1. Name the residue from Asn106, Phe88, Phe51 whose Cα lies farthest towards the positive end of the charge dipole of the range 45-115, charges +1 on Cβ of Lys and Arg and -1 on Cβ of Asp and Glu.
2. What whole-number value in Å² describes the accessible area per residue of the range 46-166 for a 1.4 Å probe?
3. If Lys and Arg each add +1 and Asp and Glu each add -1, what is the summed charge of the other residues whose beta carbon sits under 13 Å from the beta carbon of Tyr211?
4. Given +1 on the Cβ of Lys and Arg, -1 on the Cβ of Asp and Glu, and no further charges, what dipole in debye does the range 76-219 carry about its Cα centre, rounded to the nearest 20?
5. Specify the residue with the greatest mean-square fluctuation among Thr229, Thr129, Thr156, computed from a Gaussian network of the chain linking alpha-carbon atoms under 10 Å apart.
6. Report, in whole Å, the centroid distance computed from the Cα atoms of the range 70-97 and the range 99-178.
7. Is the C-alpha gyration tensor of the range 128-271 telling us rounded, prolate or oblate? Criteria: a/c under 1.5 is rounded; beyond that, a/b larger than b/c is prolate, otherwise oblate.
8. Give me the angle, in degrees from 0 to 90, between the Cα long axis of helix 9-24 and the longest principal axis of the Cα atoms of the chain, rounded to the nearest 10.
Amino acid sequence: MTAVVKVSKSVLFETVMAAVEAYAIKHDGQDVVAIETAASLWGSVNKRLPFKCNIEHVSVETSAERTRGSVCLNPSSLEIKKDIASAFGDGFSYIGSFHTHPWLKNESYGWKKIEGPESIRKDKLYNFTDSDHRCEVDSPEIMIGKNKFSVALVMTVHSMDRANDKKDGELSTNVQEFSLGNIKFWLTARVFEHKLLEHCSESECEAFESYGLDISEVDGDLLPIPIDTELECEALQYLDLYLKEFGRLSAEEKGANYRNKNIAETRWFAK
């Protein structure tokens, strides 16, 4: 089964806003920028398989504990928001979670350093981590018949030395790369089907371990099996953001500086 995650232009707008703010602005008395942030996703889900959801709304989790390398949600926030959503009726169901992966130039990962967007592409740093995957264990949110699912989006952000949109477009069925000025983004979607270990096939067990978790060491009954996922976002598929005039953001761990498009945009189409 291939699952489909459809993201509206409004959702793209709101997630980019949240991601860039967390990347460029100091928060909560911290002395660093490029922190992670998170949000909850709302919309509708098909009542029959194959799985398809439409994400139409975003609520940024302002109560989350956000740091350079992690974001921790407050469970009470989601509990309240689910009740609010139920009062609004159809089209406002809880779909899943969103969070960001901010990367700075020269930042270390393993024994390597971020040299630019090519590092992120080469090592697929736009993907979910083992910690991200662990958060899905025992956490199905959507029922279709007897099948249980959860949905997650991650947006990776990186401030480049200069604007470069040559690689913008689809990297795989569930990953889209796009740019605003010298800020590069990767939006990744994944649907997980939750199953008991004894009901998992050999291929499903292999899929489970694709994000680095050892299936024998996971503490939980329902395993989130990543299934083939298609990300649909018309704003990206039709390149609504391609070659748009935009400013330039320079960022280091201790601070960031943004120059707006009227000052910084010098590409040929803006002259």
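1. Final value for the positive-end residue is Asn106.
2. Working: 6760 Å² over 121 residues.
Heavy-atom accessible area per residue stands at 56 Å².
3. -3
4. Dipole size: approximately 680 debye.
5. Thr129
6. So the two Cα centres are separated by 23 Å.
7. It is prolate, given that a/c is not under 1.5 and a/b is the larger ratio.
8. So the helix axis and the longest Cα principal axis differ by about 60 degrees.
The values are calculated or read from the model by the stated rules, or taken from the named source; none is laboratory data. Please read these numbers as outputs of a predicted model, since none were measured by experiment. Backbone-built Cβ (ideal geometry, glycine too); neighbour counts: all protein chains shown. Calculation scope for accessible area: heavy atoms of the full protein, side chains included, ligands and nucleic acids excluded. Shrake-Rupley method; radii C 1.70, N 1.55, O 1.52, S 1.80 Å.
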